[in-house]
Amino acid sequence: MSNEVILRDAPRTVLPPEGGKPKAKGKSWTSFLKLAPGLILLGIVFGVPLAWLLRMSFNAALPGGLIQEGVSLNSYSTFFEASFNLELIWRTLGLGVVVTAGAFLLGYPLALFLLRTQSRFKSLLLVLALAPLLTSAVVRTFGWMAILGDRGIVNSALTGMGLISEPLKLANNELGVAISLTEILMPYMILTVATGSSRLNDAVLEASATLGGNAVRTFFRIILPLTLPGILTGCLLVFVLTISSFVTPALVGGGRVFLLATEIYDQAVQSLNWPLGSAISFILIALFAGVLVGYQRLMARLDWNRS
């Protein structure tokens, strides 16, 4: 029997198309239907209010708090034409950087300690580190007002010890706001670093010690790279919460610290200029989007370097 007959009579194997296994019919629709309830809920809870806010930003504000329906970029142009508003953007971003750096410098060592400790009280220590999250930010803000005030605990203690003759200006300024927000948001940094560093274990550290790595080299070559995803996530969370915070800057700042969030409140509640307040809100959302894009690129580069 010739080879042609053998090849002709042999059973044919149908190869799947390029890209892997052929998709089953209706599978995509099934996946969409599973996601539909969550997508609808997100659209109602987040999409509708944002759409209404976006529409409001294109209206025109009239004297007396009246609003003229229409499509106009007057609110956006009014915001960017004022140099004071541009300073608000830089001041808000600067405060976010300072608070994020402070939360990292104070929270990262605590997170590593909680992650590496072998104490039987480890669970209790973790609860104590995250306990401030169980207290309202308003309550903690009032606590910092009592601590940083001219007659607060810090100034009273320093005056009583004779170290200062006049109270330090720790409140009603950006310094007090930065100190307060650093403490208030530091638990988020601790939580994200501790939960995002699962790849750091005893085996890796023992391997580094076996190969002759000292404490400094082990930290920069092993510990820091393995905890970097948690660090980036914690910095993102703290930065976003800082630039969007209103209560702490308004109370600790004493009405003297002007940020984007406080300006939104002033325009919407005090000046009754809802279109301008809505426009500032979307400018703040644009800053969020820019930070998220940068975060995703850093994470993608980090994953690429690992691979």
- [ ] With a ≥ b ≥ c taken as the square roots of the eigenvalues of the C-alpha gyration tensor of the chain, please select rounded if a/c is under 1.5 and otherwise prolate if a/b is larger than b/c or oblate if it is not?
- [x] oblate
Task: Stretch gain in nm, segment residue 166-residue 117, where the contour uses 0.36 nm per residue and the Cα spacing is subtracted - done: 13.4 nm
Task: Ordering of 179-187, 99-107, 143-151, 58-66 by burial proxy (mean other Cβ atoms within 10 Å per residue, highest first) - done: 179-187, 99-107, 143-151, 58-66
- [ ] Could you grab the relative contact order for region 83-306? Cα pairs under 8 Å, six or more apart, rounded to a whole percent.
- [x] 27
Task: Cα gyration tensor shape for region 84-146, rounded if a/c is under 1.5, else prolate or oblate - done: oblate
Task: Per-selection Kirkwood Rh - region 157-307 (Cα, Å, 1 d.p.) - done: 18.9
Task: GluC sites (Glu not before Pro) within region 52-107: DSSP coil, no more than 13 neighbouring Cβ in 10 Å - done: 69
Task: Additional length obtainable on full extension of the chain from residue 146 to residue 289, 0.36 nm per residue less Cα span - done: 47.9 nm
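None of the figures in this text is laboratory data; all of them are computed from the coordinates on show. Here the structure is a predicted model, which means the values were calculated and not measured. When we count neighbours, we look across all protein chains shown, and the Cβ atoms used for this are built from the backbone with ideal geometry, even at glycine.
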